[in-house]
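The values are calculated or read from the model by the stated rules, or taken from the named source; none is laboratory data. None of these values were measured; they are calculated from a predicted model. Here Cβ is always computed from backbone atoms with ideal geometry, including for glycine, and neighbour counts include all displayed protein chains. Note: accessible area is taken over every heavy atom of the protein model, side chains too, but ligands, DNA and RNA are not part of it. Shrake-Rupley method; radii C 1.70, N 1.55, O 1.52, S 1.80 Å.
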Amino acid sequence: MLDLPNRFIHAGNSVAWGVMGNGPPLVLVHGTPFSSQVWRRIAPLLAQRWTVYFFDLIGYGQSEMRGEQDVSLAVQNGLLAALLRTWSISSPEVLCHDFGGATVLRAYYLNGLRYKRLTIIDPVAIAPWGSPFVAHVLQYEPAFAGLPAYAHDALLRAYLQSAAHGTLSNEAFRAYMTPWQGAEGQAGFYSQIAQMDQRFTDEIEHRYAPLDCPVTLLWGEEDQWIPISRGHALAAKLTRGVLTPVPGSGHLMQDDAPEAIIAAMFNPSQPIET
């Protein structure tokens, strides 16, 4: 497991973060419903070349969770901008996934952040998005938040498994489920789903165009959360149609095909073989 010993206060929220390695800065941004632990098998390898910064988004992982907390995409890009200022980083390389992709793109277009290189994995970026489960929770959040713990755990486990093409290990389930267990965690899990709003990507989608830095877009061919057709639509806007499909990977590429991510980071111009 990654160690996040540091705390940063942003807009009244305590945010957990950690760093490892030596070299130029590389910032990792996770998605939902995960945490920085999604990079636990990848960050130590990247630390051989980069100084790797990782953190838990507001309301996720080891960061503070509390009632009535704004954990939506509306606040996460401001957090990223504030962290880069705190770390005295002006133009890092960035590796991001899912909501992390939306956060990084929002920070680019709305906060004026610039990146040396950007690698994006199955991002939430093109409408429409949101699974049938998400749509159901949006309507009935209080009912889900009040589920018995055993029912919540079973639902959470099934939901996480649906992100992967292969069977998740018990170690992966522990890493991803633990923050969302207990009364506070369970409420936080359904709260973050209830705050998913497509308008936060709608407000930047019309601005998508090739960025002023190299961009690598990876997409799991077996992604059941965001189909690869959505990836091709995004590629047409951001990368002049260039997309790297990853065979045998679902939405959770960090567990299905971590070697594809490592290959893209260390050899960005080379085709990925799995």
* Structure fact -> Among helices (runs of 4 or more DSSP H) completely within segment 193-274, the ones holding 1 or more residues that are without any contact (Cβ under 8 Å) to a residue 40 or more places away in the chain, acidic (Asp, Glu) and within 21 Å of Leu45 (Cβ to Cβ) are 258-266
* Condition met for Tyr190 (more than 28 Å from Arg106 (Cβ to Cβ) and either open to solvent by less than 60 Å² (accessible area, probe 1.4 Å) or assigned to a helix (DSSP H, G or I) (or both)) -> no
* **Members of segment 92-120 that are closer than 20 Å to Val52 by Cβ and without any contact (Cβ under 8 Å) to a residue 60 or more places away in the chain** => Ala107, Leu113
* **Condition met for Val242 (closer than 17 Å to Thr103 by Cα, open to solvent by 20 Å² or more (accessible area, probe 1.4 Å) and β-branched (Val, Ile, Thr))** => no
* Asked: Within segment 66-79, can one find any residue that is open to solvent by less than 30 Å² (accessible area, probe 1.4 Å), of a type in the set (Gly, Ala, Ser) and either assigned to a helix (DSSP H, G or I) or touching a Cys at 6+ places or on another chain (Cβ under 8 Å) (or both)?
  -> yes
* Select from segment 196-219 the residues that are closer than 30 Å to Asp70 by Cα and in contact with a Ser or Thr (Cβ under 6 Å, 6 or more places away or on another chain) and list them in ascending order. => Val215, Leu217, Leu218
* Asked: Of everything in segment 1-34 that's within 15 Å of Val71 (Cβ to Cβ) and in contact with a Ser or Thr (Cβ under 8 Å, 6 or more places away or on another chain), which residue is most open to solvent (accessible area, probe 1.4 Å)?
  -> Ser14
* Asked: Hey, among the residues in segment 36-55 that are in contact (Cβ under 8 Å) with a residue 60 or more places away in the chain and open to solvent by less than 60 Å² (accessible area, probe 1.4 Å), which one's farthest from Val19 (Cα to Cα)?
  -> Val38
* To do: Inspect all residues belonging to segment 125-142 and state whether any of them is open to solvent by less than 10 Å² (accessible area, probe 1.4 Å), modelled with pLDDT of 95 or more and not in a helix (DSSP H, G or I).
  => yes
* Asked: Could we say that Leu45 is assigned to a helix (DSSP H, G or I) and over 16 Å from the mean Cα position of the chain (by Cα) here?
  -> yes
* Counting only residues that are open to solvent by less than 10 Å² (accessible area, probe 1.4 Å) and under 29 Å from Gly182 (Cβ atoms), which one in segment 80-100 is farthest from the chain's Cα centre (by Cα)? -> Ala82
* Yes/no for Glu221 being at pLDDT below 95, open to solvent by 10 Å² or more (accessible area, probe 1.4 Å) and among the charged types (D, E, K, R) -> no
